[in-house]
1. Could you check the range B:41-90 and list, in sequence order, the residues that are closer than 30 Å to B:A220 by Cβ and over 28 Å from the mean Cα position of the chain (by Cα)?
2. Within the range A:221-249, which residues are part of a helix (DSSP H, G or I), among the small types (G, A, S) and closer than 12 Å to A:M86 by Cα?
3. Mind checking which residues of the range A:223-267 are free of Cβ contacts under 8 Å to residues at least 24 places away in the same chain and either crowded, with 24+ Cβ neighbours inside 10 Å or among the basic types (K, R) (or both)?
4. Name the residues in the range A:129-151 that are in contact (Cβ under 8 Å) with a residue 40 or more places away in the chain and either among the β-branched types (V, I, T) or facing chain B (nearest Cβ under 9 Å) (or both), would you?
5. Looking only at the range A:253-281, which residues are among the small types (G, A, S), more than 17 Å from the chain's Cα centre (by Cα) and part of a helix (DSSP H, G or I)?
6. Which condition number does B:F336 fail, the rest of (1) within 13 Å of chain A (Cβ to nearest Cβ); (2) hydrophobic (A, V, I, L, M, F, W, C); (3) over 25 Å from A:G160 (Cβ atoms) being met?
7. Search the range B:110-124 for residues that are of a type in the set (D, E, K, R) and pair each with any residue that is surrounded by fewer than 22 Cβ atoms within 10 Å (Cβ to Cβ) when their beta-carbon atoms are under 8 Å apart and the residues are at least 6 apart or on different chains.
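The values are calculated or read from the model by the stated rules, or taken from the named source; none is laboratory data. Quick caveat: nothing in here was measured; it's all calculated off a predicted structure. Cβ placement follows ideal geometry from the backbone for every residue including glycine, while neighbour counts extend to all protein chains displayed.
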Amino acid sequence: MTGAALPRHGRAASVAPAAGLALLVLAFLWHISVGAKTIPLPVVARAILAYDPEIFDHLVVIDLRVPRAVSAVLVGAALSVAGALMQGVTRNPLAEPGLLGLLIGASFAVVLVVGVLDLAAPGLIPLVAAAGALAAAAVVWGIALAAPGGPAPLTLVLSGAAVSAFLGALVTIASLLDEETFDQLRVWMTGSLAGPDRAVTLWALPWLLGGLVVALGLARQMTALAMGDEVAAGLGLNVGRLKALALAAVVALTAASVAMAGPLGFVGLVVPHGVRLFAGQDYRLVLPWSAIAGAAYLLVVDVAARLVLAPVEISTGLVTALLGAPIFVWLVKRRL
Amino acid sequence: MADGMISRLDGPVTFVLPVRALAVLALLCAGIGTLVVASLMAGSYPLTAGEVAATVLGRAPSDMGETVVWQFRLPRALAALFAGGLFATSGAVLQIVTRNALADPSLIGVSQGAGLAVVTAIVVAPDLPHVLRPALAFAGALAVAALIQTLAMRRAEGATMRFILTGIGVAAFIAAATSALLTYGQIDQAMAALGWLAGSVHAVGWTDVAILGGACALLAPALAAAARPLRALRLGPELAAGLGVRVGPARIALITLAVALAAAAVAIVGPLGFVGLIAPHLAQRLARADVGLHLSLSAATGAALVAAADLAGRTVADPVQIPAGLVTAVVGIPVFVLLILRPTPEATRL
């Protein structure tokens, strides 16, 4: 099967990455040029390549727009790779950081620590988010494991929905009890790339890059694991260690993206499934492509979030949900 | 199964009065009475039980007490009872018709559909009369219910889980659309809509109580008429068809009824989650009963639940008021998890 597929992918693989990266750069520049004041693409390019602090447009590009675009690239890549990994490990087409409760777990932990305990050290936030994501994943997996029939796609998504709804209600209660503190967190809680905190972004970066490196390093083994635990063990892989590493990567990627942008649902569902349509099932292709496509996807989504109701800007997380939920319903219909 | 329960122990089939269920119903009603009195007493202007009784009977000891009871606490308590009853019967009907123990108007997006319709009205046409809200909510909820049915029911029967998952997806979509609408709207209208969306009875007045009461009066006869097809459908579609029920049309009519019940409640108090899920299960735990009595028991349980949730929400963190919808969510979700954990045959049987 793979023998017949590889040459074809091999030819495609030589041209496609270049085309994909070119599209990503284009999306990046478009994202920067769009805004309250449209800045023409040549000016954007000049601002990046030959920055001149005397020119106002250059200041806008470098100080305001580039950081947001960079966050979109990083978060989009992180969530998509995390989603692809989760789908491979659980062999569940509906697995995704948002649907399985990791995003809300991380957000809940951050809200608890920042809002209730009043600790806002930027270095602490990714760590807290990681702890929250891990705890939520454990609870969701535990419920699904205890359910009759084991962790089938249905029970996993149901227990993810239950944990998400529960933590969501607790966050709302906490925000009612202390409205002043939570006013600042409210926009972040809906998933927004607006005004990423530089310090938090810098602290989240090692988590994100570490997660990406581990994920890409696991790509070969993931392809075997996606065929079943027995197949993977038969090929001489240490399945337990592989799953633990994949979980660590997923948690680090989720934590970093929540720290930077809050919970952005459905990105990890939409992008890997889209990628599989042309890249096949080989994780050596799926994972890198998910990173590239996820980055481009979130850039475009963020442009839409700023343009659709302009001059009002809606949260990026709302747009990812509006686009992702129909795809989720379609997957339920097609794959289950 | 006609009017009573078939006793299985002694040979000949006999019909017995459902003593236990009737006793539980009486107890629930007493509990509701106690809750109403307690919620009339509690608050930033506390009253004794005697003062409450005197005020309700028209011999108020103080003007302040009269205002507090008649203007604020009594309509609020009544709205909680009506809404709880409506949500609970809606959930009970949905659970029997879809043969899915997890069915709940808010879990499958019906509440969110009603919510989107009402929020659209609040934001786009804030001057729309209050009385039209239930109609709008009904239209929104019905549209969503129809959408979920068509999306989930294409494939073979027994697609109950797909029904719930499709509902989760549709609910996520509508929730995002509602939030987007709130960002777009004027801030004061958005705030009004936001309070309503949390599911709260704190702002109701007598108009709202009248609307809820009217809805109950309108829908109660329909519910009574629904008992016969429900009783048949409870046994499964094949047996129901054998009993002479036209399964397809009956299902559509019953789901429409369930949607109407939930929509009436959502229109006034917002999407109060998980009441429609827990109340029927709790009622069944308290007493197994025939469909008609099960619906009454569910309604009473739902009314008691929402009244208790509202009372807890406004006393626990006083002076902050926690909307009843959040209290019911925090209580209801663990129950939902327990239902997922039950062995499979139980999970689909009712």
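1. Across the range B:41-90, the qualifying residues are B:A53, B:T55, B:L57, B:G58.
2. Residues satisfying the conditions are A:A244, A:A246, A:A248, A:A249.
3. Matches in the range A:223-267: A:R241 only.
4. Within the range A:129-151, A:V140 is the sole residue that qualifies.
5. Selection gives A:A279 alone.
6. Failed condition: (3).
7. From the range B:110-124, no pairs qualify.
To keep it simple, each residue is scored yes or no on (1) within 19 Å of the chain's Cα centre (by Cα); (2) in a loop (DSSP other than H, G, I, E, B).
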| residue | (1), (2) |
| --- | --- |
| B:P249 | no, no |
| B:L254 | yes, no |
| B:P271 | yes, yes |
| B:S296 | yes, no |
| B:A329 | yes, no |
